[in-house]
Amino acid sequence: MKKLKRNNIFAGFVFALMTTILLGMVLFSYIFGAGDNSFMNVASWIYYFFSSIMHASLFILLPFAIVFLPLSLMGLKNKINIPLLSIIYVFIVLISIINRFVFQIYHFHINGFVLDMLFSEGAGDIFVFSFWLYAKAILIFICVCLAIFCLYRLSAYITKKTRKTKKVYLCSLYSFIGIIILSQGIHIYGAATMKTSILECNTYLPYYFPISMNSTLDKWGIIDKKQIANINFKDKTSPLSYPINKLTSNNNKISKPNIVIIAIDSWNYRTMTKECMPNVWEFKEKAEYFSNHLSSSNGTRGGIFGLFTGLSSYYWKSFEYSSLKPIFIEQLQKHDYKIQIYPSATFQSPPFDRMFFKGMKDINTSTKGRTVYERDCNITNNFISDLPKYKKADKPFFAFLFYDMAHAISIPKEKNNHFLPAWDYADYSKLTNNTDPLPFYNLYRNCIYQIDSLVAKVLNSLKENNLLDNTIILITGDHGQEFNENKKNYWGHSGNYTKYQIQVPLILYYPKVESKTFTHRTTHYDIVPTLLHKALGINNSPKDYSMGEYLHNKSSRGWHVVGNDLNYAFITEEGYIIEKEGNGYVKVYNKNLNLQKNYKLSPKLINENLLKLNRFFK
């Protein structure tokens with residue numbers, strides 16, 4: 001009886017190994033059907049091949065371990081076990097083949113959006129299921145069933161002819177370990193040296209998250225992350241078409257003004273009042289104010305990425321793994337701008353320094369200071385002290401100031417008295433859905449009030465140096481900051497995509513501007529096109545290099561995408577939030593974060609917006 005069990009288990013194990021190779025071949029084929037693979041080289045082909053096999057083994061060995069093995073140990077015969085396992089394997093291989101077609105079209109893997117398009121009313125508006133398509137699907141199904149059956153027969157034959165099962169187990173185990181070491185080792189090397197040819201492969205495998213050890217290797221002294229961040233490797237090809245068409249400019253409209261962007265981390269739009277921000281409010285009265293402005297995300301990484309690139313941080317990895325710089329920065333360099341940043345919090349994590357300013361000398365990536373208040377004061381003073389140098393230089397300058405006090409919600413005690421009652425510090429342990437938000441919100445408003453005084457110094461310094469006649473100034477936030485306005489116990493950001501975490505003020509000043517308030521919806525994706533057109537005369541359509549329009553364009557923006565590649569959402573013009581979670585599920589909320597269980601998604605609109613989201617991939 002024990003021998004029979006062992007033989008049954010061995011037969012199932014060999015069957016699983018055979019099917020792993022089949023599924024690995026399907027996964028390996030993904031890279032031939034989804035865009036440009038010219039970035040591949042010998043090392044990346046080896047890495048992708050072994051990663052496909054390893055990833056396939058997880059999908060195949062899991063049902064073997066949790067279904068086949070327990071049933072076999074309980075004495076169930078293979079006449080029942082193998083057919084059951086075969087059905088599971090047919091399903092897995094079929095799903096992987098369907099997913100290949102999905103990835104080929106949308107450049108992402110099956111998720112809730114795809115399922116909604118397939119099974120919702122109106123799917124016929126997108127997918128025309130002709131006779132030949134049905135015939136092809138049936139043929140694929142038959143071929144997969146035959147392949148699984150042949151693998152079963154082959155595994156039965158091998159089981160019958162093999163006597164030394166222990167050696168097969170050991171050989172399989174050593175081979176599996178070898179594949180893991182080889183594939184993960186190559187990826188560790190690729191991540192440490194930022195090899196596009198290796199790192200970009202990961203996007204082709206469904207929900208594949210290999211190992212990186214950059215921080216550990218840096219601690220051991222094997223690599224230097226700072227030096228690597230400034231190396232331009234020869235294989236830095238890009239999977240993106242960015243810009244889609246070559247940029248052209250109207251020489252008569254190239255004015256090359258100075259450009260100053262002031263960003264406030266975690267800026268709750270409700271604080272844009274005369275009482276809370278008197279200086280910025282006064283400046284607003286001399287500029288254009290966009291009162292319905294949305295960030296590109298609910299966190300710093302996505303918010304700043306959208307501001308500098310004009311794209312969603314859905315494209316973050318493709319930028320990080322390649323030599324691409326934001327079009328905005330490239331154009332500034334082309335026109336010989338002096339570029340400098342003044343970050344209160346470090347620009348090395350997230351790695352904005354490498355992402356946006358790679359290879360540039362003397363770029364500030366951090367600011368000295370024991371407290372966030374000191375650092376915010378220091379970036380103000382540093383900028384003001386640099387202004388005379390900018391003024392004397394025979395070239396325009398670009399400066400980016402990024403205040404962090406509102407994000408940290410930390411302020412010296414003697415400054416925490418403009419709005420009362422106020423907490424002494426942000427005690428997050430006290431926050432519940434029933435907490436009175438006012439004392440916490442007043443602490444936050446006192447931080448904003450201090451930032452306002454620092455921004456005033458920046459603006460006054462520009463005025464005193466007679467630079468306002470030749471400078472564009474933009475003041476905004478990277479994202480919002482919620483204080484449980486929706487009564488869903490959300491405090492802060494990166495928790496949901498309602499307006500309290502997405503909406504931020506936007507003030508735009510340029511020479512000879514007429515004060516005006518705009519109420520149409522604008523987004524962070526509109527900033528780069530507006531600046532490039534206004535300052536450098538770029539006359540391409542914004543669609544060539546951005547997901548936005550010009551700020552002054554009052555036409556509909558359609559669905560606004562926020563978030564990153566794993567968790568993102570579309571915000572409709574009516575305020576509905578259609579969110580794709582990290583686990584692949586899609587949920588719909590109204591603007592107050594109430595779940596809309598009966599909301600009918602239009603497959604046509606989903607398809608249209610998914611294609612628009614992915615249009616910068618080659």
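The values are calculated or read from the model by the stated rules, or taken from the named source; none is laboratory data. In this text, all values refer to a predicted model and were calculated from it rather than measured experimentally. Positions of Cβ are generated from backbone atoms using ideal geometry, with glycine treated the same way; all protein chains shown enter the neighbour counts. Surface accessibility is based on the protein's heavy atoms, side chains included, excluding ligands, DNA and RNA. Shrake-Rupley method; radii C 1.70, N 1.55, O 1.52, S 1.80 Å.
Among the GluC sites (Glu not before Pro) in the stretch 439-538, those located in a DSSP loop and surrounded by at most 10 other Cβ atoms within 10 Å of their own Cβ are Glu514. Once the Cα atoms of helix 165-193 and of the chain are each reduced to a long axis, what angle between those two axes, in degrees from 0 to 90 to the nearest 10, is obtained? For helix 165-193, the angle is close to 20 degrees. Pairs Lys195/Lys389; Lys284/Lys534; Lys317/Lys597; Lys219/Lys334; Lys487/Lys612; Lys395/Lys534: which are spaced more than 29 Å apart, C-alpha to C-alpha? Long pairs (Cα-Cα over 29 Å): Lys195/Lys389; Lys317/Lys597; Lys219/Lys334; Lys487/Lys612. If you sort the three axes of the alpha carbon gyration tensor as a ≥ b ≥ c, you get a/c of 1.5 or more for the stretch 303-436 and a/b no higher than b/c, which makes it oblate.
Within the stretch 146-197, the trypsin sites (Lys or Arg not before Pro) that combine a DSSP coil assignment with at most 12 other C-beta atoms in a 10 angstrom radius are Arg163, Lys164. At a 1.4 Å probe, what is the % contribution of carbon and sulfur to the accessible area of the chain? Heavy-atom surface of the chain belonging to carbon and sulfur, 1.4 Å probe: 58 percent. Over the chain, DSSP H runs of length four or greater, each weighted -39,500 (n - 2.57), average out per residue to a 222 nm ellipticity of -14500 deg cm²/dmol.
Accessible surface area normalised per residue over the chain is 46 Å², counting heavy atoms of protein chains with a 1.4 Å rolling probe.
Dipole of the chain computed with +1 at Lys/Arg Cβ and -1 at Asp/Glu Cβ about the Cα centre; of Trp220, Tyr550, Ser238, farthest Cα towards the positive end is Trp220. Across the chain, the longest run free of exposed loop sites, meaning chymotrypsin sites (Phe, Trp or Tyr not before Pro) lying outside DSSP classes H, G, I, E and B with no more than 14 other Cβ atoms within 10 Å, spans 234-424.
When a/c is below 1.5 the answer is rounded, else prolate if a/b is larger than b/c, else oblate, so apply that to the chain with a ≥ b ≥ c taken from the square roots of the Cα gyration tensor eigenvalues. The shape class here is prolate.
Helix 300-309 and the longest principal axis of the Cα set of the chain meet at an angle near 70°. For the stretch 260-373, the calculated P(r) over all alpha carbon pairs, in 10 Å bins from 0 to the bin holding the longest distance, is 11, 38, 35, 15, 1 percent. Residues whose amide H falls under 5 Å from that of Gly492, counting only those 5 or more places apart or on a different chain, are Glu482, Phe483, Asn484, with hydrogens built in the peptide plane.
The Cα center of the stretch 306-328 and the Cα center of the stretch 527-599 differ in position by 16 Å. Restricting the GluC sites (Glu not before Pro) of the stretch 548-598 to loop positions (DSSP other than H, G, I, E, B) with no more than 15 neighbouring Cβ atoms within 10 Å leaves Glu573, Glu574, Glu581. The DSSP beta bridges internal to the chain are antiparallel in roughly 50% of cases. Placing +1 on the Cβ of every Lys and Arg and -1 on the Cβ of every Asp and Glu, with nothing else charged, gives the chain a dipole about its Cα centre of roughly 2560 debye. Helix 527-536 versus the longest principal axis of the chain: what is the Cα-based angle in degrees, 0 to 90, to the nearest 10? The helix 527-536 is inclined about 50 degrees to the chain. Here the stretch 370-471 is treated as an ellipsoid with the same Cα gyration tensor; its semi-axes, largest first and in whole Å, are 35, 12, 11. Listed values for the stretch 285-292 are Karplus-derived 3J(HN,Hα) couplings in whole Hz (6.51 cos²θ - 1.76 cosθ + 1.60, θ = phi - 60°), namely 5, 10, 9, 9, 10, 10, 8, 10, and x replaces Gly and Pro.
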